[in-house]
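Engineer: Got a structure for you, written out below as structure tokens; questions coming shortly.
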Amino acid sequence: MSYKLINLENITKSYEGQRVLDNLNLYIRENEFLTLLGPSGCGKTTTLRIIGGFESPDSGRVIFDGQDITNLAPNKRQLNTVFQKYALFTHMSIAENIAFGLKIKGKSQEYIKDKIKYALKLVNLEGYEHRSPASLSGGQQQRIAIARAIVNEPKVLLLDEPLGALDLKLRQDMQYELIRLKNELGITFIYVTHDQEEALTMSDTIVVMNQGYIQQIGTPEDIYNEPQNAFVADFIGDSNIIDGVMLEDRLVKILGAKFPCVDTGFGRNKPVDVVIRPEDIDLVKPKKGIITGRVTNLIFRGVHYEMDVEAGGYTWLVHSTDMVPVGEEVGIWVDPFDIQIMNKPESVHEEAVSVEE
């Protein structure tokens, strides 16, 4: 197991009486790519800023490499931050931008020259030393911002929605660049985003947040396949989240129909949330389905068809490589292993919310 580099202990933070973080506890391992994921206002950026020293918690401690750095100034911490707005100095060349932090530290001209060359090679922008930031594309400017951060050899790189201003293709290219950089440099990355696909693509560990609380921590596979509550299931990818009743072990009643499942320990006749991913639903002949319905909408998405199926008074979202025309009657069948049963939320901060992108 890798070393726990950062520990956030009982972090609480409020703004104007509004609690943004509520007794948050989190550790980050050395050389980990950890993503803080959640909707706007969930506390993810505040958490990052507290780690970076740009905000102070109302209570709690930030432990870095065994030392309490809660009250340490940002420039005294062994980390650098890359923001969504690249904050490049427009009156300086690319080389001068990258060298800025090294000059403040009093490094020699020879050392700085070598570091500029090394950093530009890392971000695939060799030969750009004398260009101005204004002459670069958004993706290139973002790479320079990253180069400026890594030349200082931080132990941790904080990235606050750094790809948000880029178009889809550039964003995807930069995702792979960041993974490559992390693997080559051996730096711990802490990444903030509201983009679920971005988090699933890049992360070793995802921390899903909502309303100042951590909802779930796990690998991308864990978060997607085994959501711990309806909020996580709703936020990570598309889901059918349906009220159900756990009749007994391995049997749940959904919309009046009995679905075999693999879950146990919920008791008898217990109200539950049932999560079924759209790609896990099979559309079969009506007689072979557990419940029957009719296709009401059809969209071709390139890799699959997206269909709405009205069944049992609920609109099921179905993803399939097989097209079923609108109006056709179908049966819905779900493998017991693909049905996720969850307890109903006990508090408001666990409830599923609809998220505006």
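The values are calculated or read from the model by the stated rules, or taken from the named source; none is laboratory data. The structure displayed is predicted, hence computed values, not measured ones. Because the Cβ atoms are built from the backbone with ideal geometry, glycine has one as well, and the counts that use them run over all protein chains shown. Ligands, DNA and RNA are excluded from the accessible area calculation, which covers all protein heavy atoms including side chains. Shrake-Rupley method; radii C 1.70, N 1.55, O 1.52, S 1.80 Å.
Engineer: Looking for something open to solvent by 20 Å² or more (accessible area, probe 1.4 Å), in a helix (DSSP H, G or I) and touching a residue at least 12 places away in the same chain (Cβ under 8 Å) - is there at least one such residue anywhere in the stretch 155-169?
Structural biologist: No: zero hits.
Engineer: Counting only residues that are buried (at least 18 other Cβ atoms within 10 Å of the Cβ) and assigned to a strand (DSSP E or B), how many does the stretch 285-304 have?
Structural biologist: So the count comes out to 4.
Engineer: Another one. Contact list please: Cβ distance under 9 Å, first residue in the stretch 293-321 and on the phi > 0 side of the Ramachandran plot, second residue in a strand (DSSP E or B) and open to solvent by less than 30 Å² (accessible area, probe 1.4 Å), pairs at least six apart or on different chains.
Structural biologist: These pairs meet every condition: Gly312/Ile242; Gly312/Ile254; Gly312/Ala257; Gly312/Ile291; Gly312/Gly293; Gly312/Ile332.
Engineer: Inspect the stretch 332-339 for any residue being charged (D, E, K, R), within 16 Å of Asn240 (Cβ to Cβ), modelled with pLDDT of 95 or more and in a loop (DSSP other than H, G, I, E, B) and give the result as yes or no.
Structural biologist: First, the residues of the stretch 332-339 that are charged (D, E, K, R): 335, 338.
Filter again for within 16 Å of Asn240 (Cβ to Cβ), leaving 335, 338.
Then drop every residue that is not modelled with pLDDT of 95 or more, which leaves 335, 338.
Among the residues that remain, those that are also in a loop (DSSP other than H, G, I, E, B) are: 335.
Checked against the condition, which is being charged (D, E, K, R), within 16 Å of Asn240 (Cβ to Cβ), modelled with pLDDT of 95 or more and in a loop (DSSP other than H, G, I, E, B), the stretch 332-339 yields at least one hit.
The rows are residues; the columns are (1) in a strand (DSSP E or B); (2) modelled with pLDDT of 90 or more; (3) open to solvent by 30 Å² or more (accessible area, probe 1.4 Å).
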position: Tyr176; (1), (2), (3): no, no, yes
position: Arg180; (1), (2), (3): no, no, yes
position: Asn183; (1), (2), (3): no, no, yes
position: Phe189; (1), (2), (3): yes, yes, no
position: Met209; (1), (2), (3): yes, yes, no
position: Asp222; (1), (2), (3): no, yes, yes
position: Ala233; (1), (2), (3): no, yes, no
position: Asp243; (1), (2), (3): yes, yes, yes
position: Met246; (1), (2), (3): yes, yes, no
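Yes/no per residue for (1) basic (Lys, Arg); (2) free of Cβ contacts under 8 Å to residues at least 24 places away in the same chain; (3) open to solvent by less than 30 Å² (accessible area, probe 1.4 Å); (4) in contact with a His (Cβ under 8 Å, 6 or more places away or on another chain):
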residue: Lys13; (1), (2), (3), (4): yes, no, yes, no
residue: Gln18; (1), (2), (3), (4): no, yes, no, no
residue: Leu24; (1), (2), (3), (4): no, no, yes, no
residue: Phe33; (1), (2), (3), (4): no, no, yes, no
residue: Gly38; (1), (2), (3), (4): no, no, yes, yes
residue: Leu48; (1), (2), (3), (4): no, no, yes, no
residue: Ala95; (1), (2), (3), (4): no, no, yes, yes
residue: Lys121; (1), (2), (3), (4): yes, yes, no, no
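Engineer: Mind telling me which of the residues Phe89, Phe100 ends up being out of contact with any Lys or Arg (no Cβ under 8 Å at 6 or more places or on another chain) and either in contact (Cβ under 8 Å) with a residue 60 or more places away in the chain or surrounded by fewer than 20 Cβ atoms within 10 Å (Cβ to Cβ) (or both)? Walk me through how you get there before you give the answer.
Structural biologist: Values: Phe100 fails: out of contact with any Lys or Arg (no Cβ under 8 Å at 6 or more places or on another chain).
Phe89 is the lone residue from the list that is out of contact with any Lys or Arg (no Cβ under 8 Å at 6 or more places or on another chain) and either in contact (Cβ under 8 Å) with a residue 60 or more places away in the chain or surrounded by fewer than 20 Cβ atoms within 10 Å (Cβ to Cβ) (or both).
Engineer: Which ones in the stretch 126-142 are within 30 Å of the chain's Cα centre (by Cα) and part of a loop (DSSP other than H, G, I, E, B)?
Structural biologist: Of all residues in the stretch 126-142, those within 30 Å of the chain's Cα centre (by Cα) come to 133, 136-142.
Answer for the stretch 126-142, where residues must be within 30 Å of the chain's Cα centre (by Cα) and part of a loop (DSSP other than H, G, I, E, B): Leu136, Ser137.
Engineer: Looking at the stretch 36-50, is at least one residue assigned to a strand (DSSP E or B) and modelled with pLDDT of 95 or more?
Structural biologist: The initial filter retains those residues of the stretch 36-50 that are assigned to a strand (DSSP E or B), namely 36-37.
Then drop every residue that is not modelled with pLDDT of 95 or more, which leaves 36-37.
Checking the stretch 36-50: at least one residue is assigned to a strand (DSSP E or B) and modelled with pLDDT of 95 or more.
Engineer: Applying the selection to the stretch 259-283, what residues are buried (at least 17 other Cβ atoms within 10 Å of the Cβ), of a type in the set (Val, Ile, Thr) and either more than 28 Å from the chain's Cα centre (by Cα) or farther than 15 Å from Gly331 by Cα (or both)?
Structural biologist: Val272, Val274, Val275, Ile276
Yes/no per residue for (1) of a type in the set (Val, Ile, Thr); (2) within 31 Å of the chain's Cα centre (by Cα); (3) in a helix (DSSP H, G or I); (4) within 19 Å of Leu166 (Cβ to Cβ):
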| position | (1), (2), (3), (4) |
| --- | --- |
| Asn80 | no, yes, no, no |
| Ala87 | no, yes, no, yes |
| Gly106 | no, no, no, no |
| Tyr111 | no, no, yes, no |
| Asn124 | no, yes, no, yes |
| Ile144 | yes, yes, yes, yes |
| Arg148 | no, yes, yes, yes |
